[in-house]
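See structure below.
The values are calculated or read from the model by the stated rules, or taken from the named source; none is laboratory data. Given the structure is predicted, the values throughout are model-derived calculations rather than measurements. Using ideal geometry, Cβ is built from the backbone for each residue, glycine included, and neighbour counts are taken over all protein chains shown. With ligands, DNA and RNA removed, areas are computed over all heavy atoms of the protein, side chains included. Shrake-Rupley method; radii C 1.70, N 1.55, O 1.52, S 1.80 Å.
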Amino acid sequence: MDNRDNRGRDHILSLLAQYFGATAPWVLTQAERRASSPEELPLLLANALPNQQKREQFLSQFSALESSLALPEAGVNTSAALNDAVDTLPRLTLSIAERRLMDFIGEPGRDCVKKMQQKPINVIDLYTRLALHITNPEDRKKFLALCPGRTPNA
């Protein structure tokens, strides 16, 4: 593990410490062992939290951390990701947006996100564009409220 891998892991541990305290290293190690893909790591970590609100908060923070480190694959092997910053959004951000959109429109949400993942956009643009697929204005507002980094009245 090189210094860049350590840097990404240290950031993840700092985030986990907010939720798990001194057991954060153990929680991360266990999740890394169980993760079958890089995208699964943050979901396994979130599932260890006691309630949905904390899970959503953690995933949002993890997604922001992932973006700030330019990690397209959630951090299991961060060296290549830190070497090659990408113009597209991190996979975790896309999978969270996909799950949230599917809560409102079902299976078509998956296709909507797939179309967006190749475009170089930021997370606010992603949610704004995906919201156009939600016909109910109240549901559209609820979906937009889930967007990380978006101000409530934006």
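Have a look at 105, 124 and point out the one that is under 22 Å from residue 58 (Cα atoms) and out of contact with any strand residue (DSSP E or B) (no Cβ under 9 Å at 6 or more places or on another chain). Walk me through it before giving the result.
Working: 105 fails: under 22 Å from residue 58 (Cα atoms).
On inspection, the qualifying residue turns out to be 124.
Residue-wise test of (1) at pLDDT 80 or above; (2) touching a helix residue (DSSP H, G or I) at 6+ places or on another chain (Cβ under 7 Å); (3) of a type outside the set (Phe, Trp, Tyr); (4) at positive phi.
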position	(1), (2), (3), (4)
69	no, yes, yes, no
84	no, no, yes, no
122	no, no, yes, no
126	yes, yes, yes, no
154	no, no, yes, no
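Quick one: what pairs do we get from the range 27-54, first residue under 20 Å from residue 98 (Cα atoms) and hydrophobic (A, V, I, L, M, F, W, C), second assigned to a helix (DSSP H, G or I) and open to solvent by 80 Å² or more (accessible area, probe 1.4 Å), C-beta under 6 Å, 6+ apart or different chains?
Short answer, once both residue conditions are applied: 44/34.
Pull up the range 19-58, narrow it to residues that are of a type in the set (Gly, Ala, Ser) and closer than 22 Å to residue 90 by Cβ, then point me to the one that is surrounded by the fewest Cβ atoms within 10 Å (Cβ to Cβ).
To start, the set of residues in the range 19-58 that are of a type in the set (Gly, Ala, Ser) comprises 21-22, 24, 31, 35-37, 46, 48.
Of the ones still in play, those that are also closer than 22 Å to residue 90 by Cβ are 24, 31, 35-37, 46, 48.
Working: 24: 18, 31: 21, 35: 18, 36: 8, 37: 11, 46: 19, 48: 16.
This residue is 36.
So, residue 74, is that one open to solvent by 20 Å² or more (accessible area, probe 1.4 Å), modelled with pLDDT under 85 and closer than 24 Å to residue 11 by Cβ or not?
On the way: open to solvent by 20 Å² or more (accessible area, probe 1.4 Å): no; modelled with pLDDT under 85: yes; closer than 24 Å to residue 11 by Cβ: yes.
Answer is no for this residue.
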